[in-house]
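Structure, as C-alpha cells:
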Amino acid sequence: MKRIHIFNYLWMIIVLLSCSAVIPNAGKKKRIKIWYDGHVHIMSPKLIVDWKALGIPFSKEDYHYSNIDSILKRNGATTIALIGMGYVYGSPEFYKGKDNYEALQRENDYLFNASKKYPKRIIPYFAIDPLKEYALEEMERCLAKNTQSGLKLHFNASQVYLTEPAHLEKVIPVFKLAAQSKLPILLHFDNSHPKFGETDVEILVDSILRDLPPVKLTIAHFGTSGGFNQKTKNVLDTFISLFSKSEILRKHSILFDISGVALDKNSEGVKKLTDTEFADLKRYIDKLGKDRIVFGTDYPLYTADEYVEILKTKVGLSESDIQLFTTNRFR
C-alpha cells in the first residue's frame, strides 16, 4: 500500500499561526463567552526543536506553542481540551530515533505537567499511536497519572487503516480500554487514503463500537482533515444515515468537533471555503444536528474569538448556536 504523506495538516496548523484570521473591529464587538474549546494543541520545547529540524518555520516565539499561560491567554476560552501531539513520534517520516516510546512518554508527561497548573480549566488529552506494541501500556500509565484525562488518536499521523485486519485488531483493544476506563476519545478519523469514507465509518460502528460499553467519542474536524468538501460530506452523510437506523450509535455519545472546518484562508493542502461551501457547511450543521457539534479552534490555527467570528459572519450561526457548541457535554 502506498504510504500517504501525513504532515500537511500539521504544518498548516503551525504556518497559519502567522496569518490567523484578523477580524476588522472584532475587539469592539460584543464578545461571546466561550465556555469550552474542545481542540487546543500544546507542544513541548523538545517537540518544537524536532519540528524545526525538519525545516518547518515557526512564525511565533516558541512560548505561543508550549507555554500553558500563553496558550490560555491567547486562546481565550474558559476551559479547554488540551491535546498532546506525541503520536508523531511513531512515524518514521517524522522521527528517526530508536526511543519512540520514551519520546511519546516525554510529550504526554509535558502535557500532564502543563495541565496541573489549571486543573479546573484544562482537560488533558494524552496521545498514543494505536498500532504500536506499547499503546495499551501507555494508556494505563497515563490513566494512572490522571483519571480525568482523555485520549487523542490521530489515524492520519499513525496511518491507521481500519480496512486492514491487522490494524483493526490493534485498534479494538484501545477503544475497549477507553470504554472500560470511561476515557473520552478525540479521534482524527481521516487517514488521507483516497478511498477513506463510508466503509471506514461502517467498520468503526460495526466492528469497534458494536460490543463496547458506552463510549464518549468526538470526531475531529467533522470527520476529515480540515476544510469542508465532498469527502467531508460523504463521511457526515454516512454517520447521519447510521444515526437514524443504528442502535449501536445510539448507545454511545458521539460528537463532531468543528475545528479546522470553517477555513477562511488557504493553507498547505487545504483550500479556504468559498461562499457556496460556507453555505453548504451551514446546511450540514443543520442536517447533522446542532446538539451533536462541539466548538474547537485547533489552536494555534485560530483563537476562540477569531473562530467564533468566522462561524458568525461566514457560516451564519447565531450566538445561541455557538454557545451550545461551547458547552462541554462530556463533563
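Read-outs throughout are calculated quantities, based only on the coordinates presented, and are distinct from any laboratory measurement. Everything numeric here is computed off the predicted structure, so don't read it as measured data. Cβ coordinates were reconstructed from backbone atoms using ideal geometry, including for glycine residues, and neighbour counts include every protein chain displayed.
Things worth noting here:
- Rounded to the nearest 20 debye, dipole of the range 34-325 from Cβ charges on Lys, Arg, Asp, Glu: 500 debye
- Considering only the chain, percent of DSSP beta bridges that pair antiparallel, nearest 5: 5 percent
- Listed options for percent of Cα pairs over 31 Å apart are (1) 55; (2) 51; (3) 25. The value calculated from this structure is the one marked (3).
- Relative contact order for the range 34-325: 17 percent, from Cα pairs under 8 Å spaced at least 6 residues apart, divided by residue count.
- What separates the Cα centres of the range 101-149 and the range 289-331 is a distance of 26 Å.
- Taking other Cβ atoms within 10 Å as a rough exposure proxy, Lys245, Lys152, Lys312 sort from fewest to most as Lys245, Lys312, Lys152.
- Cβ crowding within 10 Å averaged over residues, with 138-147, 181-190, 211-220, 34-43 ranked highest first: 34-43, 181-190, 211-220, 138-147
- With 0.36 nm allotted per residue and the present C-alpha distance subtracted, the Leu177-Lys33 stretch has 48.3 nm of extension available.
- The GNM of the chain, with springs linking C-alpha atoms under 10 angstrom apart, assigns the highest mean-square fluctuation among Ala262, Ala279, Ala157 to Ala279.
- Residue-span extension gain [Lys245 to Tyr63] - 0.36 nm each, minus C-alpha spacing: 60.8 nm
- The range 34-88 and the range 194-239: distance between their alpha carbon centers, rounded to Å: 26 Å
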